[in-house]
Amino acid sequence: MTHESGYSRRTALKFGASLGVTFLAAPALAALPQGQRKLVVIICRGAMDGLSVSPPVNDPNYYALRGPIAIPADQALKLDADFALHPKLVNIYALAQAGQARIAPAVAIPERIRSHFEAQDLLESGGDHLYASTTGWLNRALTVQASGGPVTALAVGAQDPLILRGSASIQSWSPGGKVTQDMERISTVLQDLYAQDPTLSRAFSSGMQTEAMAENFGAGDMTAKMQSQPQRIANDVAATTAKFLTQPGGPSIAVLSLDGYDTHANQGNVNGQLANHLKNLDDVVNGLHDGLGPTWSDAVVIAVTEFGRTAHVNGTGGTDHGTASTMILAGGALRRGGIVGDWPTLADAKLFENRDLAPTLDVRQVFKGVLRDHMGLDTRGLDQTVFPASSSAPALEGLIA
Amino acid sequence: MIASKTLDGAIAVTRFGLGATPGELADAADDPRGWLKAQITRDGAEQPQGSLPGSVARVSDLIAYQGEIAPLRRQRKMAMTVGMVGQDEAADEHAADELKQERRAALQPLLEGVRDEIFARTRLATATAQSFRERWTLFWANHFTVSTAKLQSAVLVGPFEREAIRPHVFGRFEDMLMASTTHPGMLMYLDQAKSAGPNSMAGLYRKMGLNENLAREIMELHTVGADAGYTQADVTEFARALTGYSIGAKNDGPDVQGHFLYRPLLHEPGARTVMGRRYGQDGEDQARAILSDLAASPKTAAHLAHKLAIHFVADEPPPGLVARLREAYLASNGDLAHVATTLVDAQECWTPDARKFKTPYEFVVSGYRAAGASPSDPAKEIVQPLTFLGQRPFAAPQPNGWSDMAADWAAPDALVKRLTWATKFSAYYAPKDGAPVDVAAATLGERLTAAARTAIARAETRFEAFSILLMSPEFQRR
């Protein structure tokens, strides 16, 4: 309704002013000479099994190691002679066929850790070792001047992930909200009360702005669907994320988290527990692709997990905590190409600690390559601020078209 | 420092407790520390009330459900193998939908049971006169997280908390650890029940094998902590020792079904070495000995002390408090009543500034308490709002449970969601009697600031005044 959108604009202006920056006029990447560059990071929590995401169907040890949970070669989606994608990743596969998706089949964080929570911390903080940093690398990336000017980021979900925490203000959004007139009135009072509480003050004004933005483009109320079909909401959330990214003055970076990848038992193969979660991931990528529309050609999507799982199937039809896993890269801004990084093979002697796929590539190398060539960050900022002590992990060349 | 007694009363009820109900501040003000200590009771926590089946009954429901659903699955599989699937897409979709519907129908009673548990537990939290006792309990329930993230454990989350956690919250930590590790809820949630040693009978002749999930999380999350210096070999050795820890199934007979069952045929034979110590025991006692040593470890004491101090005082807890709690744990052999008493007596817990930001569950519960109300509709009043606020009860996404840190909960979107809830809640529950400033004073006592008092006094309606109270910084924090 006209009344509501009028309210939203007012709110946005008011909170923008109170922050000392005018939100709507904030320079976004629209100013970038390269065009409107977008980056989406999807964190797959729980240790996603790379050997099922991109089964190495031609590796002589794959089927012996994996037994009942291996993905049969005739059902896997063939990428090349050696690798395939899980049958549930149909949309990502279509992108790969078009040269807009690639896999890095053996990536890992810089330290060998098998705790989910420590490994997620390291993945998101971007340090060279655990507890080196308490802020997130993508937040620090916001603080480094890119060639096109400052950019903003959006966290999708009820909690802000570590990867986006730090000194730069970020936006956050999750489905289910609807700002009413009552809320608008009360929010002015609260803004005064929060004046002495910087944490609440900053977060609250940013949250109201983002809601106003969502209302302006009609994010829609997903309340009913969240209740009746929570598993079907992935695509909608991704579509809304894409709307944020394509708003004038909207964020350039978005982060989503998916969970449920900790498949210690009854992991399944073509169908089953893991397959359902991979379908979810595929839906998210598809929702981003469709939602971004023409902007997709200026976008990169990274799906990454904290570590991989054991090369062997375990005793209960699942896999335990391992080391290297698959990272998925998608987006129209990617350079067409084969797998990213080397394949260490699953030969006995090549397994890390006799149990896990060994890493051949540091996740930071991919992140740095994307931030430099896609988002326009310079090497100095990357090596000193975004990924401190990472000169041994140089930016990967040739990822971006 | 001469602390005001009434301020201490407000701290006791809001920081240690779950927020004031009308009149509660007055009860606590006379002797705040005594009021808290009276809640430290050897018999453990209060139990949620209602018709709540235990784990044995729930396992039997689960088995019945699987019995109902298995033939449907078989039919579908059969249709697939004989090629009935894949010929007519519309018919396939219809068949798949039908299977889903039947599954959903069979699931319904199971899910209603979960809802009943959430309802009973939340009503207890909103109404109890001993809310420190309940907060302490919620801390331990979260420490030993079992989640609805998996169906098998979903139906057991409630029974797990009532059977393995609540009785032990003021007993010895080792007893709670043992109760947790042998409870069907935990055995299901962390995939222990079917883990078999490679050289056990089941490993050698039935191709069963090891699953190291529970072993790792016990070390990392429940006891010594991730930084304790153990290796992958320690985890694997502990996992081998734990083999055989299982649950009675249908074939084991009605007296055993749904109970903890040690299965010697799954147990890896031989001695184990974990964190430098050798365990030569046979069978079930081997893992018990390791658990006992883990519970007694100074690293466990430090890990728990740190977590407790974070929960009760600040995200970056005072080192002195952490050290005192650790000593209390070690000196008392892990007696949690003694640790709780030490916490109440510690000066660091009574600083006037409220540094803890409430989790969504704490926020909602304290809202009901401020209104002197209890929820009456579990879906609309508890599950839905808490899902939007990011903390669906019993559904922690990962085994480390819910975070206690402001950085995780004070996100921009989260605050807007809190305001959404506060206005909806106030529309129904804003107290109808008394001046709104008096309601605020009865909720926060001396913690109510002049600014919030003025804002509440100026509000046009009771609804607006109560919304502002709920969203005030002093109510959001504790």
Inset, instruction - Could you tell me whether any residue of the stretch B:141-150 is hydrophobic (A, V, I, L, M, F, W, C), in contact (Cβ under 8 Å) with a residue 60 or more places away in the chain and surrounded by fewer than 23 Cβ atoms within 10 Å (Cβ to Cβ)? - result: yes
Inset, instruction - Kindly indicate whether any position in the stretch B:70-77 is modelled with pLDDT of 75 or more, closer than 30 Å to B:LEU177 by Cβ, assigned to a helix (DSSP H, G or I) and of a type outside the set (A, V, I, L, M, F, W, C). - result: no
Legend entry - Test: B:ALA354 is assigned to a loop (DSSP other than H, G, I, E, B), at negative phi and either more than 20 Å from the chain's Cα centre (by Cα) or not assigned by TED's automatic domain parsing to the domain that holds B:MET471 (or both): yes
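Name the single residue, out of those in the stretch B:222-231 being in a helix (DSSP H, G or I) and surrounded by fewer than 23 Cβ atoms within 10 Å (Cβ to Cβ), that is farthest from the other protein chains (Cβ to nearest Cβ).
Residue satisfying both the conditions and the ranking: B:ALA228.
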Inset, instruction - Return only the number of the condition from (1) within 24 Å of B:ARG15 (Cβ to Cβ); (2) at the interface with chain A (Cβ under 8 Å from one of its Cβ atoms) that B:THR387 does not satisfy. - result: (1)
Inset, instruction - Look through A:LEU130, A:LEU122 and report the one residue that is in contact (Cβ under 8 Å) with a residue 12 or more places away in the chain, closer than 15 Å to A:ALA47 by Cα and within 14 Å of chain B (Cβ to nearest Cβ). - result: A:LEU122
Legend entry - Looking only at the stretch B:232-282, and only at residues there that are aromatic (Phe, Trp, Tyr) and surrounded by 22 or more Cβ atoms within 10 Å (Cβ to Cβ), the one that is farthest from B:GLY185 (Cα to Cα): B:PHE238
Legend entry - Considering residues of the stretch A:304-329 that are more than 13 Å from chain B (Cβ to nearest Cβ) and in a loop (DSSP other than H, G, I, E, B) only, the residue farthest from the chain's Cα centre (by Cα): A:ALA311
Inset, instruction - Check B:LYS207, B:LYS250 and return the single one that is out of contact with any helix residue (DSSP H, G or I) (no Cβ under 6 Å at 6 or more places or on another chain), outside the structural domain of B:ASN142 (by TED's automatic domain parsing) and modelled with pLDDT under 95. - result: B:LYS207
Inset, instruction - Restrict the check to the stretch B:343-356 and report whether at least one residue is within 29 Å of B:GLY113 (Cβ to Cβ) and aromatic (Phe, Trp, Tyr). - result: no
Inset, instruction - May I ask you to list the residues in the stretch A:340-383 that are part of a helix (DSSP H, G or I) and either without any contact (Cβ under 8 Å) to a residue 24 or more places away in the chain or within 14 Å of chain B (Cβ to nearest Cβ) (or both)? - result: A:ALA349, A:LYS350, A:ARG372, A:THR379, A:ARG380, A:ASP383
Legend entry - Test: A:GLY337 is at pLDDT 95 or above, in a loop (DSSP other than H, G, I, E, B) and more than 13 Å from every other protein chain (Cβ to nearest Cβ): no
Legend entry - Extreme residue, nearest to A:ASP236 (Cα to Cα), among residues of the stretch A:147-170 that are at pLDDT below 90 and within 7 Å of chain B (Cβ to nearest Cβ): A:ALA158
Inset, instruction - Considering only the stretch A:257-270, state which residues are in a loop (DSSP other than H, G, I, E, B) and at the interface with chain B (Cβ under 9 Å from one of its Cβ atoms). - result: A:ASP259, A:GLY260, A:ASP262, A:HIS264, A:ALA265, A:ASN266
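From the list A:GLN247, A:GLN273, exactly one residue is without any contact (Cβ under 8 Å) to a residue 40 or more places away in the chain and within 13 Å of another protein chain (Cβ to nearest Cβ). Which is it?
Sole residue among the options that is without any contact (Cβ under 8 Å) to a residue 40 or more places away in the chain and within 13 Å of another protein chain (Cβ to nearest Cβ): A:GLN273.
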Inset, instruction - Could you please let me know if B:ASP404 is at the interface with chain A (Cβ under 10 Å from one of its Cβ atoms) and of a type in the set (Asp, Glu)? - result: no
Legend entry - Residues (within 19 Å of B:ILE468 (Cα to Cα) and either of a type in the set (A, V, I, L, M) or without any contact (Cβ under 8 Å) to a residue 60 or more places away in the chain (or both)) located in the stretch A:160-187: A:GLY177, A:LYS178, A:VAL179, A:THR180, A:ASP182, A:MET183, A:ARG185, A:ILE186
Inset, instruction - Inspect the stretch B:81-97 for any residue being surrounded by 12 or more Cβ atoms within 10 Å (Cβ to Cβ), within 14 Å of another protein chain (Cβ to nearest Cβ) and modelled with pLDDT of 75 or more and give the result as yes or no. - result: no
Inset, instruction - Examine the stretch A:259-269 for a residue that is within 17 Å of A:ALA155 (Cα to Cα) and surrounded by fewer than 19 Cβ atoms within 10 Å (Cβ to Cβ), and state whether such a residue exists. - result: yes
Legend entry - Residue list for the stretch B:257-313, restricted to those being outside any helix (DSSP H, G or I), of a type in the set (S, T, N, Q), in contact (Cβ under 8 Å) with a residue 12 or more places away in the chain and out of contact with any Ser or Thr (no Cβ under 9 Å at 6 or more places or on another chain): B:THR273
Inset, instruction - All but one of (1) surrounded by fewer than 24 Cβ atoms within 10 Å (Cβ to Cβ); (2) at pLDDT 95 or above hold for A:ALA303, so report the exception by its number. - result: (1)
Inset, instruction - Please work out which one of (1) at pLDDT 95 or above; (2) not assigned by TED's automatic domain parsing to the domain that holds B:GLU112 is the condition B:HIS168 fails and give its number. - result: (2)
Inset, instruction - Name the residue, out of B:ALA370, B:ALA337, that is touching a residue at least 60 places away in the same chain (Cβ under 8 Å), within 30 Å of B:ALA435 (Cα to Cα) and more than 14 Å from every other protein chain (Cβ to nearest Cβ). - result: B:ALA370
Inset, instruction - State whether one or more residues within the stretch B:149-157 are modelled with pLDDT under 95, over 20 Å from B:GLU237 (Cβ atoms) and more than 14 Å from chain A (Cβ to nearest Cβ). - result: yes
Inset, instruction - Select, from A:ALA31, A:ALA73, the only residue that is surrounded by fewer than 16 Cβ atoms within 10 Å (Cβ to Cβ) and modelled with pLDDT under 50. - result: A:ALA31
Inset, instruction - Search the stretch B:188-221 for residues being in contact (Cβ under 8 Å) with a residue 60 or more places away in the chain and not in a loop (DSSP other than H, G, I, E, B), and hand back the single one that is surrounded by the fewest Cβ atoms within 10 Å (Cβ to Cβ). - result: B:MET201
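Residue by residue through the stretch B:36-55, note down the ones that are in a helix (DSSP H, G or I) and either crowded, with 18+ Cβ neighbours inside 10 Å or modelled with pLDDT under 95 (or both).
Within the stretch B:36-55, B:LEU36, B:SER55 meet the criteria.
Take the residues in the stretch B:466-478 that are in a helix (DSSP H, G or I) and free of Cβ contacts under 8 Å to residues at least 40 places away in the same chain; name whichever of them is farthest from the chain's Cα centre (by Cα).
B:ILE468
The values are calculated or read from the model by the stated rules, or taken from the named source; none is laboratory data. Keep in mind that what you see is a predicted model, and the values were worked out from it rather than measured. Neighbour counts are summed over all protein chains in view; Cβ atoms, including those assigned to glycine, are modelled from backbone coordinates with ideal geometry.
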